[in-house]
Amino acid sequence: MPSRRFVKWLTTSAAVIIALLLLLLVFASFYMLDLALGDLSGKDLASRRDILAEEAPDVLEWADSLNRCGIMRDTTMTTHDGRRLHAVYAAATDSTTRTIVIIHGYTCNVYSSLKIARMFRDSLHLNIFMPELHGHGQSDGEEVQMGWKDADDILEWIPTVTSLFCDGDSAKIVLQGVSMGAATTMNVSGKENIPQIKCFIEDCGYTSVWDELSHELKGRYDLPDFPLLHSTSLLCKLRYGWSFKEASSVEMVKRCQKPMLFIHGDNDDFVPSWMVHPLYEAKSQPKSLWVTKGTDHAHSFRDYPKEYELRVKAFLDASGMPSE
């Protein structure tokens, strides 16, 4: 039979080990949260401009020419909780009540939206409005919101959008987003029903923040969800007021009654391709799905520019936003 001294030593050792493991878990949770939500490279406007200048110099020259002519302009909004958010907008070539709100992805900014913005403005003849999300570009913020709380910010932008190009009641708005912007778009779709918002286009969005971070945790570090993802989600709830599981685009599209176009590349391993199917299945009609062959993350427009334009035009026509 073990002595009292041995039992006491064993109990103390176990307590120390458990305390150390808990301390390690807390440290790892802070690290993971900062890694996932603290990478604000989207504030680096110069680098994003340089990337655009290398990949599509004609698009940058197009944007610069609109700036010089005073067609493309900046605007700001102060949110209900005092944050200053930034956006860029431009009227279509001909007067129209139709406006596209283009929502960028993770750690991006307005320069990331310009390629597709030119298509929407010059080919499909929509006004364009490009908000920079919390913590991105010139908008205030110290962390990425993964499209969850960003949805509320987009709703706060809508009165500005409706007043810029026409009488507010006659405005016809479509929301389009890529990746985290797509998650934002879907999250807006399940919130307040604003009559001027007619339809939604989500391009390679994730089912939930939990699913996306679980995918990254497994892919990058070969780690299971438990316990790190659980503890990090709890830390996010304590620090920022929301958890990874509640940030579910699947649950939000279930509430959406307006048309939605789902787009995803079948070779996407960042937001894995399988995610588009539960999203599409969760959405009631009207809805459309386009899975692009051989396309990796966020490159459907790059790989299929003409078909992208044609499919979007057909979707807008069917959704009550035909060309005027």
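The values are calculated or read from the model by the stated rules, or taken from the named source; none is laboratory data. Remember, it's a predicted structure, so these values are computed and weren't measured experimentally. All Cβ positions, glycine included, derive from the backbone under ideal geometry; neighbour counts span all protein chains shown. Surface accessibility is based on the protein's heavy atoms, side chains included, excluding ligands, DNA and RNA. Shrake-Rupley method; radii C 1.70, N 1.55, O 1.52, S 1.80 Å.
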1.4 Å probe accessible area per residue over segment 146-196, in Å² = 31
inquiry  = Quick check for me: using +1 on Lys/Arg Cβ and -1 on Asp/Glu Cβ, what's the dipole size of segment 26-180 about its Cα centre, in debye to the nearest 20?
reply    = 340
Rounded to the nearest 10 Å², the accessible area of residue 277 at probe 1.4 Å = 80
request  = Just reorder 200, 226, 30 by solvent-accessible area, largest first, 1.4 Å probe, all chains present.
outcome  = 226, 30, 200
request  = Whenever you get a sec, compute what percent of the accessible area on segment 59-125 sits on carbon and sulfur atoms (1.4 Å probe).
outcome  = 48
ask   = What is the spin-label model distance, in nm, from residue 218 to residue 246 if the labels are put 7 Å beyond Cα along the C-beta direction?
value = 2.6
ask   = Using alpha-carbon pairs under 8 Å, 6+ residues apart, how would you state the relative contact order of segment 94-178 in percent?
value = 42
Top positive-direction residue, dipole computed over the chain with Cβ charges, set 53, 282, 147 = 282
ask   = Among 53, 298, 247, which one moves the most in a GNM of the chain with springs linking Cα atoms closer than 10 Å?
value = 53
query = With r defined as the distance between the Cβ atoms of residue 230 and residue 5 and R0 fixed at 45 Å, what FRET efficiency is calculated, to the nearest 0.05?
reply = 0.75
note = For segment 201-324, the dipole about the Cα centre with charges only on Cβ (Lys and Arg +1, Asp and Glu -1), to the nearest 20 debye, works out at 380
query = What percent does the relative contact order of the chain come to when contacts are Cα pairs within less than 8 Å and at least six residues apart?
reply = 15
ask   = Rule-of-thumb check for segment 160-315: C-alpha Rg over 2.2 N^0.38 Å?
value = 1.11
Distant-in-sequence amide H partners of residue 289 (H built 1.01 Å from N, under 5 Å) = 262
ask   = What pairs from 149/283; 198/218; 149/313; 218/313; 191/293 go past 27 Å between their alpha carbons?
value = 198/218; 149/313; 218/313; 191/293
message = Using C-alpha positions alone, give me the convex hull volume of segment 139-186 per residue in cubic angstrom.
response = 86
Residue (of 240, 35, 272) at the positive-pole extreme of the chain, dipole from beta-carbon charges = 240
request  = Write down the percent of antiparallel bridges among all DSSP beta bridges whose residues are both part of the chain, to the nearest 5.
outcome  = 35
message = I need the fraction of alpha carbon pairs in segment 93-159 separated by more than 18 Å, rounded to a whole percent.
response = 40
query = Expressed as a whole number of Å, what is the distance separating the alpha-carbon centroids of segment 157-196 and segment 39-103?
reply = 16
ask   = For segment 26-84, what is Rg from Cα atoms divided by 2.2 N^0.38 Å, rounded to two decimals?
value = 1.68
key: Average accessible surface area per residue within segment 1-74, 1.4 Å rolling probe, Å²   = 73
key: Value of [θ]222 nm, deg cm²/dmol, for the chain, DSSP H segments ≥ 4, -39500 (n - 2.57) each, nearest 500   = -14000 deg cm²/dmol
remark   = With Cα springs under 10 Å, the Gaussian network model of the chain assigns the largest mean-square fluctuation among 222, 266, 152 to 222
remark   = In whole angstrom, largest first, the equivalent ellipsoid semi-axes that the Cα gyration tensor gives for segment 111-251 are 31, 16, 14
key: Spin-label model distance (nm) - residue 122 vs residue 167, 7 Å beyond Cα toward Cβ   = 3.3
ask   = Which of 237/306; 172/237; 115/287 have a Cα-Cα distance over 31 Å?
value = 237/306; 172/237
query = In whole Hz, what ³J(HN,Hα) sequence does segment 184-200 give by Karplus (6.51, -1.76, 1.60; θ = phi - 60°), x for Gly and Pro?
reply = 4, 4, 5, 5, 5, 4, x, 9, 4, 7, 9, x, 5, 7, 9, 6, 9
query = Just how large is the dipole of the chain about the Cα centre, in debye to the nearest 20, putting +1 at every Lys and Arg Cβ and -1 at every Asp and Glu Cβ?
reply = 960
remark   = In order over segment 272-284: 3J(HN,Hα) from phi, Karplus 6.51/-1.76/1.60, θ = phi - 60°, whole Hz, x for each Gly or Pro, gives x, 4, 4, 5, 5, 6, x, 5, 5, 5, 6, 7, 6
ask   = Plugging the Kirkwood radius over Cα pairs into Stokes-Einstein for segment 157-221, at a temperature of 25 °C and a viscosity of 0.890 mPa s, what D comes out in µm²/s?
value = 184
request  = Using only the alpha carbon atoms of segment 47-170, find the Kirkwood hydrodynamic radius as the inverse mean reciprocal pair distance, in angstroms to one decimal.
outcome  = 14.9
query = Of the GluC sites (Glu not before Pro) in segment 120-201, which ones lie in a loop per DSSP and count no more than 14 other C-beta atoms within 10 Å?
reply = 142, 192
message = Tell me the volume per residue, in Å³, of the convex hull enclosing the alpha carbons of the chain.
response = 153
